[in-house]
Amino acid sequence: MIELFKSLIDFVLHIDTHLGQIVNDYQAWTYLILFLIIFAETGLVVTPILPGDSLLFAAGAIVAKPDVDMSILFLLALLCIAAVLGDLVNYHIGKAIGHQAFSGKYKLLKTEYLQRTQEFYQKHGGKTIIYARFIPIIRTFAPFVAGIGTMSYAKFASFNVVGGVAWVSSFLLLGYFFGGLPVIKENFTYVVFGIIFVSILPPIIELIRSRGKTTAKPGNI
């Protein structure tokens with residue numbers, strides 16, 4: 001497990017190098033590999049730590065290279081489908097097994113992840129499906145929690161499509177248009193850190209604000 005975690009960290013921090021190697025080794029099969037990664041991160045509740053944001057950015061940067069024979073439009077459409085299908089599957093998993101999955105039997109399914117998503121869900125309602133796309137971990141559990149709750153499938157589906165297309169398009173196209181800049185290419189690891197930091201910043205701010213409100217209550221003074 002430790003070795004797997006180390007490999008994942010290395011993949012995330014040097015994702016441009018690893019993704020470039022995948023393109024060289026597998027060529028057209030890269031489409032399928034990227035599809036499966038995006039689908040797994042959004043659709044399988046046991047894989048919340050896959051590098052969605054940085055992977056999309058890196059994929060856009062790789063496709064922009066003149067020597068890479070891949071279509072950005074095809075990749076964009078394919079990964080939007082992967083993201084939408086992933087949330088759809090996750091929603092139905094939540095509807096089928098619900099809280100039973102967080103009984104403690106599965107180590108990857110931590111109760112705090114579920115609680116964090118539920119709190120986010122209570123604050124933002126159905127729009128959580130859209131907002132959560134841009135927040136690691138929460139984006140994996142948001143559709144699962146929606147399935148557990150009372151949100152209708154029709155309402156979920158509309159938020160799902162909007163959020164999926166917005167998430168994939170923003171990061172993939174940012175990578176495509178800006179990933180090739182010398183300053184980005186030479187500092188790609190720092191860019192990955194920046195993407196991760198910006199992604200987790202909203203829940204950190206919300207946590208600090210909620211703790212501040214708790215401390216400010218008369219009973220806690």
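Some observations on this one:
- Once the Cα-Cα distance is subtracted from the 0.36 nm per residue extended length, the Ile22 to Asn187 segment shows a gain of 57.4 nm.
- For Ser169, solvent-accessible area (1.4 Å; no DNA, RNA or ligand), Å²: 30
- Förster radius 22 Å - calculated FRET efficiency between His124 and Ile97, Cβ distance, rounded to 0.05: 0.35
- Accessible-area order (highest first, 1.4 angstrom probe) of the listed residues Trp29, Trp167: Trp29, Trp167
- Carbon/sulfur fraction of accessible area - the stretch 17-85, other protein chains in place, 1.4 Å, %: 70
- Applying 1/(1 + (r/R0)^6) with R0 = 30 Å to the Cβ-Cβ distance of Gln115 and Ile33 gives a FRET efficiency near 0.35.
The values are calculated or read from the model by the stated rules, or taken from the named source; none is laboratory data. This one's a predicted model, so the numbers in the text were calculated from it and none came from an experiment. Cβ sites come from the backbone with ideal geometry, for glycine too, and all protein chains shown count toward neighbours. Please note that ligands, DNA and RNA were not included when accessible areas were found on the heavy atoms of the full protein model with its side chains. Shrake-Rupley method; radii C 1.70, N 1.55, O 1.52, S 1.80 Å.
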